[in-house]
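Chemist: Take this structure first; my questions come after.
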Amino acid sequence: MPRVLVVDDSLTERQLVGALLAKLPDWEVDLAENGKEALEYVEASVPDLIVTDLRMPEMDGLELVEAVKEDFPLVPVILMTAKGSEEIAVQALQQGAASYVPKNKLADELPSVVIRVHASAVEDRSFLRLTHHITRNETSFELHTDLELIYSLVKHLRHTVRCVELGDEMERMRVGIALEEALMNAYYHGCLEMPTDLEQEDRAAYEKLASERSQQEPYSERQIRVDVNLNREQATYVIQDDGPGFDSQAVLESAGDELNEGTSRGVLLMKSFMDEVTFSDKGNQVTLTKRRPPSLTLSVSDA
């Protein structure tokens, strides 16, 4: 049974988030009021995942992210961000946080983000050992508007990136999250041309419309193409969709300023977790690159 630790100095918000996650089937929820207390809890009983506020006394969310990454690199940390905390949120993502959810979207988004991040961290260990021994891999995929297949592809890509020496499992998981964001952007905003304002206003209506469009022409005829090039030094992913594209430069410039916006949020995660992110002029193709850190000695490991 997975356990999540909720960290927030506000008793009211801590209890609200705890109650929200307690509704997830088979999940256990524990609470801590600041980063220092959370770290003491983790040292005594390691949770499967941590959800933390950013601004707290004693030890804030950024310091908690750094401490957990140092001592417990397999435990993902999800941030809860309030307006005005954009700069520290970006810093926390760069330091090792797995994802973030704006506080005004917790009820709609936090449970699904928790489930997805946890799924990214739980892998088939016997298969993982083999993927560390891949020395070179070039693969191409063509997918229609099938969300289940897209999630399967994300899982496959998370496995195979282990041939690149990235240092720890958390970095590989963060690559998987960046790829998932890129593929979700291609699916929802590219192939299905979903309106961003509806995503912000009514998530249930947004998903209903997406389901309908995935079965309707011209949306259902569109494809997402993914080219993967892996070796021991780096991983490169080119993701292209048949949608009309968007103003990628405007989104790149705004990512980090408007953390609540769906597309900007996805681009921010891509930029934070990958070494290089570039869009085509049309905006319907993104190239993401993750390189082996120069400080790591190249080796074949079962770790």
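The values are calculated or read from the model by the stated rules, or taken from the named source; none is laboratory data. Here the structure is a predicted model, which means the values were calculated and not measured. Glycine also receives a Cβ, built like all others from the backbone with ideal geometry; neighbour counts cover every protein chain displayed.
Chemist: Tell me the residue from 138, 142, 199 that is under 30 Å from residue 94 (Cβ atoms), touching a residue at least 24 places away in the same chain (Cβ under 8 Å) and either of a type in the set (A, V, I, L, M) or outside any helix (DSSP H, G or I) (or both), please.
Modeler: 138
Chemist: Looking at region 131-141 only, could you name the residues that are under 19 Å from residue 153 (Cβ atoms) and either of a type in the set (Gly, Ala, Ser) or modelled with pLDDT under 75 (or both)?
Modeler: Once the filter is applied, which keeps residues that are under 19 Å from residue 153 (Cβ atoms) and either of a type in the set (Gly, Ala, Ser) or modelled with pLDDT under 75 (or both), region 131-141 yields 131, 140.
Chemist: A further question follows. Residue pairs, Cβ under 6 Å, 6 or more apart or interchain, first in region 113-124 and more than 21 Å from residue 203 (Cβ to Cβ) and aromatic (Phe, Trp, Tyr), second assigned to a helix (DSSP H, G or I) and modelled with pLDDT under 90. List them.
Modeler: Close Cβ pairs satisfying both conditions: none exist.
Chemist: For the subset of region 67-107 comprising residues that are part of a helix (DSSP H, G or I) and either of a type in the set (Gly, Ala, Ser) or at pLDDT 90 or above (or both), which member is nearest to residue 121 (Cα to Cα)?
Modeler: Residue satisfying both the conditions and the ranking: 68.
Chemist: Would it be correct to say that residue 15 is of a type in the set (S, T, N, Q) and either under 22 Å from residue 266 (Cβ atoms) or surrounded by 18 or more Cβ atoms within 10 Å (Cβ to Cβ) (or both)?
Modeler: So residue 15 fails the test.
Chemist: If you don't mind, there's one more thing I want to ask. Counting only residues that are within 19 Å of residue 271 (Cβ to Cβ) and touching a Lys or Arg at 6+ places or on another chain (Cβ under 6 Å), how many does region 148-171 have?
Modeler: 3
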